[in-house]
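Reviewing the structure listed below.
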Amino acid sequence: MPSIDFIKDIQENDRKTFFKDFENSKSYEAKSFDDEDPKSSNSRPLIADFTEYSPLHNGHFHCMKTAKAKIPDGLFVAVVPGLFERSGRGLPYILHRKTRAEIAIAVGADIVVEGPPMGIMGSGQYSLCLTKMFQALNTDFIPRGYRPFDGYEKILERISLGHGVAPKPYRIVDMDTKEVIYNGKLEEDNYVIVSFSKSLKKIGFDFKDKFIFVPRIEGVSGTLIRKACSENNLDSVKSMLPSETIRILEREINEDRAPLHDLRVEENIIDSANNLSFEELLKLNFFNEKLANEFINRRQTRPFESISEIEDSIFYGFSTHFKNRVLSILETRINADMISEYIDTYPSTVRVLNYRNESVLEEFKEKVFENGNKYVKDIVID
């Protein structure tokens, strides 16, 4: 089992990286190439797949194989979310992003780049970051898994036409025609696709015919995989995972670098809840006056002593994952205005976590900077 010091080191190093990226991005002025004639290109089409890979299972592998079969000459780039190792649900990942990147390369990805720090962002914020990454990489195709149901094909058809589709309370609206194309709510996998289309439309990225929609396969359970990792019983989920995932997972567990998904730096969370002033709490992402006052009032009676006490003080927000996201922001102490500025220039630095070989890396760099790139300042190897 990983030690708390191991988790602390990850958090401290990632804070340094976040603030370094933030300072670098502030000094970066996006260039304009609007007046330049695009140069003809012989580069391979770039397939950008955003997936958390926590861990990479047969469903992820199926989506990758389907996209590569459809675009056989494509350069497959996996965008793996990074800093602070917290998912869009605000929960810790099973494996560090470098290990998740290693598995992605082992099963067939060409390049793995670091995605945004999802756990300290709202869903709209990280959706915007991810779509800005697609834009910055000069993406040609975006594979996405979905769960089929009656009415969803119509939504996918609109997105394939390049229409933005916006999720409204209990209805889905075509942003181009203003039509209500579905009544009801979408579950998470299907909601992500709709959210991407909305964000892509917002940033002005032409995504017509760029999505590769892949129906989800059956027989994979994230809950059972997490349980098996916690109990070090990977044999029980062997049918759900590629052999490369099992091999690397076993190595990480044996070397006490995994699993990480049950671990937080609890002392940081409790310290933030007990000692940040009202003004300091109010500046944090996700916080408003009501939530900050709730913390102040609770701790005046008795200081917080456990994570469960803190969770009880967090009322439910728009998302069912709101409590875990608040815990992650208390853990990292990142202010809302800083995150907004970070998003504005994201991703001025593209960080490569792993790659198949030097030739592929050079090809990737050429593709990203093809015809100039007004979004990316540099590409770094982590």
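What is the diffusion coefficient of the chain in µm²/s, taking the Kirkwood radius over Cα pairs and the Stokes-Einstein relation at 4 °C with a viscosity of 1.567 mPa s?
59
Give me the number: length gained by fully extending residue 278 to residue 177, i.e. 0.36 nm times residue separation minus the C-alpha to C-alpha distance, one decimal in nm.
Extra length available between residue 278 and residue 177 comes to 31.9 nm.
Could you tell me how far the Cα centroid of the stretch 281-331 sits from the Cα centroid of the stretch 189-239, in Å?
29
Considering only the other residues whose Cβ falls under 15 Å of the Cβ of residue 363, what net charge follows from Lys and Arg at +1 and Asp and Glu at -1?
Taking every Cβ under 15 Å from that of residue 363, the sum is -3.
Output needed: percent of Cα pairs per 5 Å distance bin for the stretch 259-322, bins running from 0 to the one holding the longest distance.
3, 16, 27, 27, 17, 6, 2, 0
Suppose each label sits 7 Å from its Cα in the direction of the beta carbon; what would the residue 154-residue 344 distance come out to in nanometres?
Reported label-point gap for residue 154 and residue 344 is 4.1 nm.
Pick out, in residue order, every one of the GluC sites (Glu not before Pro) in the stretch 236-271 that is DSSP loop and has at most 12 other C-beta atoms within 10 Å; say none if there are none.
Loop-located and lightly packed - 255.
Select from the stretch 105-189 those chymotrypsin sites (Phe, Trp or Tyr not before Pro) which occupy a DSSP coil region and have at most 10 other Cβ atoms within 10 Å, ordered by residue number.
170
What FRET efficiency, computed as 1/(1 + (r/R0)^6) with R0 = 41 Å and r the Cβ-Cβ distance, is obtained for residue 147 and residue 27, rounded to the nearest 0.05?
The calculated FRET efficiency here is 0.40.
Springs between alpha-carbon atoms under 10 Å, Gaussian network over the chain: tell me which of 354, 268, 42 tops the mean-square fluctuations.
Answer for the Gaussian network model of the chain: 42.
Let me confirm the definition first: pairs of Lys residues in the stretch 197-282, 8 or more apart or on different chains, C-alpha distance under 30 Å. How many are there?
5
Given contacts defined as C-alpha pairs under 8 Å and at least six residues apart, what's the relative contact order of the stretch 133-200, whole-number percent?
Rounded, it is 30 percent for the stretch 133-200.
In Å and from the alpha-carbon atoms only, list the Rg and Dmax of the stretch 284-382.
In Å, with Rg to one decimal and Dmax whole: 20.5, 62.
Each label point is 7 Å from the Cα along the Cα-to-Cβ direction; what then is the distance between the points at residue 224 and residue 380, in nm?
Distance between the two pseudo-spin positions: 4.2 nm.
If we count every other residue with Cβ under 15 angstrom of residue 68's Cβ, Lys/Arg +1 and Asp/Glu -1, where does the sum land?
+1
In whole Å, what is the distance between the alpha-carbon centres of the stretch 343-363 and the stretch 84-148?
Here the two parts' Cα centres lie 13 Å apart.
Solvent-accessible area of residue 185, probe 1.4 Å, all protein chains present, reported in Å² to the nearest ten, please.
140
Count neighbours as other Cβ atoms within 10 Å of each site's Cβ, and list the GluC sites (Glu not before Pro) in the stretch 275-314 that are DSSP loop with at most 14 such neighbours.
Those that pass, being in a loop and sparsely packed, are 305.
What three numbers, in Å, describe the spread of the alpha carbons of the stretch 114-181 along their principal axes, ordered from the longest?
Principal-axis extents of the Cα atoms in the stretch 114-181, largest first: 34, 28, 24 Å.
Could you do me a favour and compute the accessible area per residue for the stretch 308-382, 1.4 Å probe, result in Å²?
That works out to 45 Å² per residue.
Mind checking the full-extension length gain between residue 311 and residue 189? Use 0.36 nm per residue of separation minus the Cα-Cα distance, one decimal, nm.
41.3 nm
Can you work out the PRE-style zone for residue 216? Point 7 Å along Cα to Cβ, and I want the residues of the stretch 177-208 with backbone N under 11 Å.
Residues 187-192 fall inside that zone.
Kindly work out what percent of the DSSP beta bridges joining two residues of the chain are antiparallel, to the nearest 5.
Close to 40 percent.
The values are calculated or read from the model by the stated rules, or taken from the named source; none is laboratory data. The shown structure was predicted, so the numbers you read here are calculated from the model rather than taken from an experiment. A quick note on method: Cβ atoms are made from the backbone with ideal geometry, for glycine too, and the neighbour counts reach across all protein chains shown. All accessible areas refer to the heavy atoms of the entire protein, side chains included, with ligands and DNA or RNA removed. Shrake-Rupley method; radii C 1.70, N 1.55, O 1.52, S 1.80 Å.
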